[in-house]
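Have a look at this one before I ask anything.
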Amino acid sequence: QVQLVESGGGLVQPGGSLRLSCAASGTIFSIYTMGWYRQAPGKQRELVAAITSGGSTNYADSVKGQFTISRDNANNTVYLQMNSLKPEDAAVYYCNALIIRTFGAPRYSYWGQGTQVTVSS
């Protein structure tokens, strides 16, 4: 069993900052890519940022220079630092991880339950 547990969402004023965290737990051999997606009402889920176990990162154009993704491999945790938040950043943010549970097993994609980010004055 693998669980991804997110935290750090909430209500913030425009221009404010939030830091999201996502910790993976359970039977885990290794984690390849960890990332954050978001889904606003009436819109499709979209990739926000991703990071490999080696530290290579990928960002959506809309958040480049605004958000920073990082990870703690020792603790199977990924973070998303979100600065200068705008109303259009409001969404449910989901953590995702590609996890190998045992040696030689394939990678599977796991999702967290989502955390709400609201940007409003």
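Of all residues being assigned to a loop (DSSP other than H, G, I, E, B) and over 18 Å from Arg19 (Cβ atoms) in segment 99-112, which is most open to solvent (accessible area, probe 1.4 Å)? Just the residue, please. Walk me through it before giving the result.
Step one: list which residues in segment 99-112 are assigned to a loop (DSSP other than H, G, I, E, B), which gives 101-106, 112.
This time we only want the ones that are over 18 Å from Arg19 (Cβ atoms), so: 101-106.
Details: Arg101: 78, Thr102: 75, Phe103: 175, Gly104: 73, Ala105: 30, Pro106: 74 Å².
Residue satisfying both the conditions and the ranking: Phe103.
Among the numbered conditions (1) of a type outside the set (Gly, Ala, Ser); (2) open to solvent by less than 60 Å² (accessible area, probe 1.4 Å); (3) more than 20 Å from Asn83 (Cβ to Cβ), tell me where Leu20 comes up short.
Unmet for Leu20, out of (1) of a type outside the set (Gly, Ala, Ser); (2) open to solvent by less than 60 Å² (accessible area, probe 1.4 Å); (3) more than 20 Å from Asn83 (Cβ to Cβ): (3).
State which residue is nearest to Gln116 (Cα to Cα) when the search covers only segment 67-98 and only residues that are open to solvent by 10 Å² or more (accessible area, probe 1.4 Å) and aromatic (Phe, Trp, Tyr).
Restricting to residues being open to solvent by 10 Å² or more (accessible area, probe 1.4 Å) and aromatic (Phe, Trp, Tyr), the top hit is Tyr94.
Please verify whether Ser30 is open to solvent by 50 Å² or more (accessible area, probe 1.4 Å), among the hydroxyl-bearing types (Ser, Thr, Tyr) and closer than 19 Å to Trp111 by Cα, treating the condition exactly as stated. Give the derivation first.
Working: open to solvent by 50 Å² or more (accessible area, probe 1.4 Å): no; among the hydroxyl-bearing types (Ser, Thr, Tyr): yes; closer than 19 Å to Trp111 by Cα: yes.
So Ser30 fails the test.
Filter segment 40-56 for residues that are under 12 Å from the mean Cα position of the chain (by Cα) and open to solvent by 60 Å² or more (accessible area, probe 1.4 Å) and give the result.
Answer for segment 40-56, where residues must be under 12 Å from the mean Cα position of the chain (by Cα) and open to solvent by 60 Å² or more (accessible area, probe 1.4 Å): just Glu46.
Residue check: is Gly15 touching a residue at least 24 places away in the same chain (Cβ under 8 Å), on the phi > 0 side of the Ramachandran plot and in a loop (DSSP other than H, G, I, E, B)? Before you say what the answer is, go through the steps one by one.
Numbers: touching a residue at least 24 places away in the same chain (Cβ under 8 Å): yes; on the phi > 0 side of the Ramachandran plot: yes; in a loop (DSSP other than H, G, I, E, B): yes.
So Gly15 fits the description; yes.
The values are calculated or read from the model by the stated rules, or taken from the named source; none is laboratory data. On a predicted model such as this, the values are computed, not experimentally measured, just so you know. Here the Cβ is made from the backbone with ideal geometry for all residues, glycine too, and neighbour counts use every protein chain on show. Surface accessibility is based on the protein's heavy atoms, side chains included, excluding ligands, DNA and RNA. Shrake-Rupley method; radii C 1.70, N 1.55, O 1.52, S 1.80 Å.
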